[in-house]
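Remarks on the structure that follows.
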Amino acid sequence: MSNIQDKVVIITGASSGIGEATAKEIASKGAKLVLAARREDRLKKLQEEIQDNGGQAIYKVTDVTSHEQMEELAEYTLNQFGKIDVLVNNAGLMPLSFLHQKKVKEWDTMIDVNIKGVLYGIAAVLPFMREHKSGHIINLSSVAGHVSGPTAAVYSGTKFAVRAISEGLRKEEFSNNIRTTIISPGSVTSELTETISDVNLKFVVDEGYKDAIDSESIARAIAFAIEQPSDVAVNEMLIRPTSQEL
Ligand code: NDP
């Protein structure tokens with residue numbers, strides 16, 4: 001039996017890309033899923049697809065930038081399934097731009113979703129996990145959480161922050177038997193570049209994504225981390241396309 005069987009897993013950003021692929025991958029291995037994102041039509045469609053394939057999933061429309069909504073997501077999960085085994089803090093966006101362009105609203109949104117969203121997720125599930133001395137928090141960083149560069153200053157900043165937060169969390173909670181995993185993908189085919197508002201830059205970035213790997217590649221890595229025995233914590237994984245240099 002898979003070590004994923006019957007685990008209750010919350011996935012943020014489940015409405016597309018890596019979150020959606022992860023939901024399908026671990027639902028096929030017996031997880032009970034709680035799908036969260038803002039687009040209800042996408043969540044409903046995914047829930048139906050999982051159920052049609054014999055899996056278990058519920059969903060809750062959630063904006064990760066709302067501390068209240070993240071707390072409600074955890075409460076809803078406990079009411080419906082009685083426990084929380086895993087949180088996948090996956091929701092994120094990447095509106096790349098040069099700093100001199102002063103896209104301040106986009107900086108704010110990235111900080112709100114990519115950093116505060118992760119913190120609110122951790123805050124929402126920690127009380128239950130600490131009380132039960134069991135749990136697993138998986139945070140999506142990036143190769144951009146290891147290296148920064150032009151147009152990626154703010155995005156990289158948020159992804160460096162995710163790694164710093166994850167390592168602090170690990171050192172605070174390992175003694176409560178709570179596992180932490182940082183997933184750092186390279187280029188992955190998804191809707192991620194859609195938030196780049198500079199048309200010329202989007203064109204260049206999309207060109208660079210031509211060799212991107214599919215979201216399922218990351219979903220398999222997340223499933224691997226979840227299915228390890230409880231005394232094994234996969235703390236970090238970097239997963240790039242073989243052809244990616246950066
Ligand atoms: P997508 O754009 O396909 O998915 C992003 C998800 O985040 C969507 O489901 C979106 O749902 C959700 N989201 C965005 N804002 C919010 C919000 N305020 N509240 C709740 N959900 C939100 O991109 P990916 O699947 O590629 O991205 C997933 C994660 O992987 C991100 O953290 C990203 O930074 C990271 N990553 C991706 C890489 C790639 O090349 N694709 C590389 C490295 C890291 P909705 O709009 O319905 O709310």
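Run lengths n ≥ 4 of DSSP H only: what is the helix-derived mean residue ellipticity at 222 nm for the chain, with -39500 (n - 2.57) per run over all residues, to the nearest 500?
It lands at -13500 deg cm²/dmol.
As I understand it, the dipole of the stretch 91-218 uses +1 on the Cβ of Lys and Arg and -1 on the Cβ of Asp and Glu, about the Cα centre. Which of 218, 99, 165 lies farthest toward its positive end?
Comparing the listed Cα positions along the dipole, 165 ranks first.
For the chain, what is the accessible area per residue in Å² when the probe is 1.4 Å? Don't skip to the answer; put the middle values down first.
Working: 11450 Å² over 246 residues.
Per residue, the chain has an accessible area of 47 Å².
May I ask you to list, by number, the DSSP H helices of the chain whose Cα span along the axis is at least 27 Å and whose average Kyte-Doolittle hydropathy reaches -0.5 or more? Before the final figure, lay out each step's value.
Values: long enough: 153-173 (29 Å, -0.32).
Helices passing the filter in the chain: 153-173.
Can you give me the long-range amide H partners of residue 239? Hydrogens built in the peptide plane at 1.01 Å from N, cutoff under 5 Å, separation of 5 or more residues or another chain.
Sorted by chain and number, the residues that satisfy this are 184, 186.
Order these peptides, 212-223, 64-75, by their mean beta-carbon neighbour count within 10 angstrom, highest first.
Answer by packing, highest mean first, reads 212-223, 64-75.
Choose one answer from 128, 203, 224: the residue with the largest mean-square fluctuation in a GNM of the chain with alpha-carbon springs under 10 Å.
Top of the fluctuation ranking is 203.
Once you have the Cα-Cα distance between residue 246 and residue 100, take 0.36 nm times their residue separation minus that, and quote the gain in nm to one decimal.
50.2 nm
Using a 10 angstrom cutoff on alpha carbons, build the Gaussian network for the chain and name the most mobile of 235, 90, 53.
Result for the chain, Cα springs under 10 Å: 53 fluctuates most.
Based on the alpha carbon coordinates of the chain, what radius of gyration and maximum Cα-Cα distance (Dmax) apply, in Å?
Considering the chain through its Cα atoms, Rg and Dmax are 17.1, 54 Å.
Could you work out how much longer the chain between residue 48 and residue 134 gets when fully extended? Use 0.36 nm per residue separation minus the Cα distance between them, nm to one decimal.
28.0 nm
For the pair residue 153/residue 123, report the inter-label distance in nm, with labels modelled 7 Å from Cα in the Cβ direction.
Here the answer is 2.8 nm between the modelled labels.
What does the extension gain come out to for residue 3 and residue 56, with contour length at 0.36 nm per residue minus their alpha carbon separation? It would help to have the intermediate numbers written out before the result.
Details: separation 53, 0.36 × 53 = 19.08 nm, distance 1.58 nm.
Residue separation times 0.36 nm, minus the Cα-Cα distance, leaves 17.5 nm.
Taking 41 Å as R0, compute the FRET efficiency from the Cβ-Cβ separation of residue 233 and residue 206 and round it to 0.05.
FRET efficiency, residue 233 to residue 206: 0.70.
Hey, in the GNM for the chain with a 10 angstrom Cα cutoff, which one of 147, 199, 61 fluctuates hardest?
Evaluated over the chain, the most mobile residue of the options is 199.
Determine the share of the stretch 40-170's accessible area contributed by carbon and sulfur atoms, expressed in whole percent, with a 1.4 angstrom probe.
Solvent-exposed carbon and sulfur of the stretch 40-170 make up 51 percent of the total.
Of 32/105; 45/202; 105/133; 45/171; 24/210, which pairs sit farther than 32 Å apart, going by alpha carbon to alpha carbon?
32/105; 105/133; 45/171
Which peptide among 3-15, 162-174 comes first, and what is the full order, when sorted by highest mean count of other Cβ atoms within 10 Å?
3-15, 162-174
The values are calculated or read from the model by the stated rules, or taken from the named source; none is laboratory data. Everything numeric in this text was worked out from a predicted model, so none of it was measured. Cβ: placed from backbone, ideal geometry, glycine included. Neighbour counts: every protein chain shown. For the accessible areas, the whole protein counts, side chains as well, though only heavy atoms, and no ligand, DNA or RNA atoms are used. Shrake-Rupley method; radii C 1.70, N 1.55, O 1.52, S 1.80 Å.
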